[in-house]
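The values are calculated or read from the model by the stated rules, or taken from the named source; none is laboratory data. Remember, it's a predicted structure, so these values are computed and weren't measured experimentally. Every residue, glycine among them, receives a Cβ derived from its backbone with ideal geometry; neighbour counts consider all protein chains shown. Heads up: the accessible areas ignore ligands, DNA and RNA and are worked out on the full protein's heavy atoms, side chains in. Shrake-Rupley method; radii C 1.70, N 1.55, O 1.52, S 1.80 Å.
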Amino acid sequence: MMISTFLVPTLSAGGGCVALLAYQHQRQVFAWTRRTRRRDETNTEYDKPAEWLADLYKAQCRLTRKPCVADEFAEISQIGNLIEGIADNTEAVRTELRKVVECVKGYVATALPEPDPTAVRITVQEHRAQLVQAMRQETARGELVRAILAAEKKIKELRRG
């Protein structure tokens, strides 16, 4: 009889401890689920900008060290317009995306003039002017690359939470 008087309170105290531990574990699981769901919702917000930044990076890579005329910037301009349209709706990376759009506009503005098909020769001065413009274009492309990488880095940091 002494065993049963000792065993019953011990078992009920042990059951209470198990119930308390199960409750705490359940709360931790639900908190983890909420954090994960919130992070997933945030990550989907950055899917399009991240995709467009990757496309923009690829497009500008195709034009590396190549003096370009306005027609060759069509893809870069289009992607820049897409990013500009979404920049105001993504508050966390708004500054970085605006910098990318600004760099896109600066890069596109450095387009070389269309070559004159009737001109047989170009003068030395015209050639030097084109070289200077091509160097400005490459500098603008480098600034665009830095802006893209900064925006991608910020998005990665935000996705990690």
Checklist entry - What percentage of the solvent-accessible surface of the chain, computed with a 1.4 Å probe over protein heavy atoms, is contributed by carbon and sulfur atoms? => result 58 percent
Next on the checklist: Which one, LEU149, VAL108, LEU20, is farthest towards the positive end of the dipole of the chain when Lys and Arg carry +1 and Asp and Glu -1 on their Cβ?
Outcome noted: LEU20
Checklist entry - Quick one: Cα centre-to-centre distance for the stretch 20-38 and the stretch 91-127, in angstrom? => result 54 Å
Next on the checklist: What do you get for the angle between helix 47-62 and the principal long axis of the chain? Use alpha-carbon atoms, 0 to 90 degrees, nearest ten.
Outcome noted: 30 degrees
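Go through LYS99/LYS153; LYS58/LYS153; LYS66/LYS153 and tell me which ones have a Cα-Cα distance over 22 Å in this structure.
Details: LYS99/LYS153 14 Å; LYS58/LYS153 16 Å; LYS66/LYS153 27 Å.
Pairs exceeding the cut-off: LYS66/LYS153.
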Checklist outcome for this item: With +1 at each Lys and Arg Cβ and -1 at each Asp and Glu Cβ, the charge dipole magnitude of the chain around its Cα centre, to the nearest 20 debye, comes out at 740 debye
Checklist outcome for this item: For the chain, longest principal axis from Cα atoms; helix 2-45 axis from its Cα atoms; angle between them, nearest 10 degrees, is 10 degrees
